[in-house]
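Here is the structure we will look at.
The values are calculated or read from the model by the stated rules, or taken from the named source; none is laboratory data. Keep in mind that what you see is a predicted model, and the values were worked out from it rather than measured. Here the Cβ positions follow ideal geometry from the backbone for every residue, glycine too, while neighbour counts run over all protein chains shown. SASA here: full protein model, heavy atoms, side chains in, ligands and nucleic acids out. Shrake-Rupley method; radii C 1.70, N 1.55, O 1.52, S 1.80 Å.
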Amino acid sequence: MTLSTSATADHIYAHGLRNQWHAVVPSRFVAPGGMRKVTALGEQWLLFRRSDGTLAMLADRCPHRGAPLSLGKHLGDRVACWYHGVEVETDGTVSSVPGLPGCNLEGKKLVTSLPVREVSGAVLAWFGDEEHPEPGELTLPDPLTDPEVDAFLCYAEWNVPWRFAMENLLDPMHGAFLHHESHTMFEGDTTAKFRIRETDRGYFFEKTDQRGVNFDWVELCRTGADWVDLSIPYPPSAGPGGPFGIVGMACPVDEGRTGVFFWRYRRVEGWQRDSWRFLYKTLIEQRHWDVLEQDRVMLEAMPADADQHENLYQHDLGVVRLRRLYRTAAEAQSA
């Protein structure tokens, strides 16, 4: 099993773009010597971690009769299917067929194995189609590689299409209304003008008449993975340090469910880093969860065809641009 090049544009648009990296789950979901069944881009997968910490991602399908490998037994460097004992290595090669030693399945790579990387507490996988199995280049988000930036990963699963989650991030104006009672987005105007500003990796969608007050800008970055960067000012009660930033990603689980990743970060060093980490875990983290819950409740309440019956205005330019970009990519991948 692999992601098929015969999928329609509508299927790809609903289940997620191929030939790029996607965050799948937090690394902590798979302990050393453990396995975990996951769904991503509408397909079933098995995350398998060796005792030395090395991670692999296999199609959750035994090449013999199609039984889920996730029900099998972890054998250290391979998994044994529970149904008939067929053993599969982490690169997808069948190493043993206990019921018929020497069987012609042995030695063949019959299970799809995806390239994986672990980045700042998250598992990223390359979802290539049949024509692009080898991983493409990945440039990681700057705040996740800068040693002077400290970040906490927040992960949740929402019952929404992945596009809705991404569109929410490309819609800064909702901060002044949906999150008006939050600890960071209570200030600033509730009217604004926006513009799109191109970059070499995507585009900014930003207010032209306000900066550094509320959720005033967001940048979509396409660097092998799709992610957004945004900044929201912190009140003095959040302690010393630079502005509060978020790196966000959304992984399509299936057509109606999305895994959302939010790295909350801040540029801090020395004693300020210690203060930030203490305040975050004891005070700020729950407030951030409260804001995310507002997003979840709103997005899950929206009908599945919400984007088919709209009356848009100037504030929606970032969303319209995103939709065109993703629709064009889906059509190109299905061609």
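Consider Val88 carefully, then state whether it is modelled with pLDDT of 95 or more, assigned to a strand (DSSP E or B) and surrounded by 15 or more Cβ atoms within 10 Å (Cβ to Cβ). Taking the combined requirement at face value, the residue satisfies it.
Filter segment 63-75 down to residues that are without any contact (Cβ under 8 Å) to a residue 40 or more places away in the chain and either crowded, with 23+ Cβ neighbours inside 10 Å or out of contact with any strand residue (DSSP E or B) (no Cβ under 9 Å at 6 or more places or on another chain) (or both) and give me whichever is farthest from Ala14 (Cα to Cα). Per the stated criteria, the residue is Gly72. Residue count for segment 108-132 under the criterion of being at pLDDT below 95, open to solvent by 20 Å² or more (accessible area, probe 1.4 Å) and of a type in the set (D, E, K, R): the result is 2.
Suppose the filter is assigned to a loop (DSSP other than H, G, I, E, B) and either surrounded by 20 or more Cβ atoms within 10 Å (Cβ to Cβ) or β-branched (Val, Ile, Thr) (or both); does Thr139 pass it?
Values: assigned to a loop (DSSP other than H, G, I, E, B): yes; either surrounded by 20 or more Cβ atoms within 10 Å (Cβ to Cβ) or β-branched (Val, Ile, Thr) (or both): yes.
Criteria met by Thr139.
Looking only at residues in segment 233-258 that are open to solvent by 10 Å² or more (accessible area, probe 1.4 Å) and of a type in the set (Val, Ile, Thr), which one is modelled with the highest pLDDT? Per the stated criteria, the residue is Val253.
Restricting to segment 3-29, and then to whatever is assigned to a loop (DSSP other than H, G, I, E, B) and surrounded by fewer than 16 Cβ atoms within 10 Å (Cβ to Cβ), can you tell me which residue is modelled with the highest pLDDT? So, considering only residues that are assigned to a loop (DSSP other than H, G, I, E, B) and surrounded by fewer than 16 Cβ atoms within 10 Å (Cβ to Cβ), the one modelled with the highest pLDDT is Thr8. The residue of segment 263-272 that is modelled with the lowest pLDDT, among those that are crowded, with 22+ Cβ neighbours inside 10 Å and in contact with a Leu (Cβ under 9 Å, 6 or more places away or on another chain), is Tyr265.
Total residues in segment 208-222 satisfying the condition of being open to solvent by 20 Å² or more (accessible area, probe 1.4 Å) and at pLDDT 85 or above: the figure is 1. In segment 30-62, of all residues being farther than 28 Å from Trp162 by Cα and of a type outside the set (A, V, I, L, M, F, W, C), the one that is surrounded by the fewest Cβ atoms within 10 Å (Cβ to Cβ) corresponds to Asp52.
Comparison of Ala304, Ala332 shows that the only residue that is open to solvent by 40 Å² or more (accessible area, probe 1.4 Å), of a type in the set (Gly, Ala, Ser) and in a helix (DSSP H, G or I) is Ala332.
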